[in-house]
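Notes to accompany the following structure.
The values are calculated or read from the model by the stated rules, or taken from the named source; none is laboratory data. As the structure is a computational prediction, the values presented were derived from the model and not from experiment. Neighbour counts run over all protein chains shown; Cβ positions are idealised from the backbone, glycine included. Areas reflect the complete protein model, heavy atoms only, side chains present, ligands, DNA and RNA absent. Shrake-Rupley method; radii C 1.70, N 1.55, O 1.52, S 1.80 Å.
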Amino acid sequence: MVSAQKKPSLKAEIAAALRSQILEGALQPGERVIEPELAQSFGASKTPVREALQLLVAEGLVEVLPKKGYRIRGMELTDLGEVLELRTLLESRAAARCARWADPEQVEDLTRRWEAQRDALGLEPLERTLRARDFHVGIAQAAGSHRMSVILEGLHHEMVRAHHVLPQLRWHLSEEIELREHREILAAIIAGDPERAEAAMRTHMDSIRESLGAGLGEPGTSAV
C-alpha cells in the first residue's frame, strides 16, 4: 500500500511563503518583521511563525534583533561575489561528480531539463530564468551529495534575491550563450568526462560573472 504524501507542516508553509517574499523583494533588506503581526497575517499562533523565522535565520535570509524581533538581512555586491565564488567551486565539482556517477536515468532527466530551457527561448524572462536554474539544480541533485545539493539550493536562492534587491545589477548573458554553455556541460556529462564537465562549468560561471559586470570586488571586474 502506497502511503499518502505527507502534508508540509504549518512551520514549513509559513517559511516557504516568507522565503518567496524575501527572494522576490516583497520584503526588503532592512525591513523589520514581528512575530505577532506575522501570526495575525497567517492566521496562526506565534509558535510556528517563530519556528519558520528561525529556519530563515539559519538560511541567512533573516537576522535576529534582540528584544526587537527580526530583520530581513541586507545584501551587498560583496555578498553576491561570495555567492558566485562558492557556486563556481561547488558547481564545478558537482558537474564532475555528475559526469562520473550519473546513471542513464539521471542523464536523461538532465537532457529533458536542457530541452525545456531551449524550448523557453522567446518566453518571458522569469520562465527562462527558472528553466535555466532548473538545469543547474538537476546537476546538483545528480552529483550524489545531499549536502552539496542543499548548499547550492541556498546559493541559487541568493542569486534570485540579488536580481530583485540590487538595483545596480544587470544581467547581460544572452540566452543563446547560456544555452550553448549548458549544452557543453551536458555533452561532457553524457560523455562521462569529469574533467571536461568541470572545465565547462567553470567557463559558464566565468561567463555569468562577466555578464553581471557588477564590481564584485575581484580583480578584472568592472563596476556598473
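Semi-axis lengths, largest first, of the ellipsoid equivalent to the chain are 33, 23, 15 Å, with √(5λ) applied to each eigenvalue of the Cα gyration tensor. Roughly what angle does helix 175-190 make with the longest principal axis of the chain, taking Cα atoms, 0 to 90 degrees, to the nearest 10? That works out to roughly 70 degrees. Surface exposure of the chain, expressed per residue as accessible area with a 1.4 Å probe, stands at 56 Å².
Sorted largest first by accessible area at a 1.4 angstrom probe radius, with every protein chain in place, the residues ILE190, ILE22 fall in the order ILE190, ILE22.
Helix 104-119 axis versus longest C-alpha principal axis of the chain: approximately 80°, rounded to the nearest ten. Look at the dipole of the chain built from charges on Cβ: of MET201, GLN21, ALA187, the Cα furthest out on the positive end belongs to GLN21. With respect to the chain, whose longest principal axis is taken over its alpha-carbon atoms, helix 77-101 is tilted by about 50°.
Under 5 Å between amide hydrogens, built in the peptide plane, is the criterion, and for VAL33 it picks out TYR70, ARG71, ILE72 among residues at least 5 positions away or on other chains. Of the accessible area of the chain, with the probe set at 1.4 angstrom, what percent is carbon plus sulfur? Percent of accessible area from carbon and sulfur atoms in the chain: 52. Taking all Cα pairs closer than 8 Å and separated by 6 or more residues, the relative contact order of the chain comes to 24 percent.
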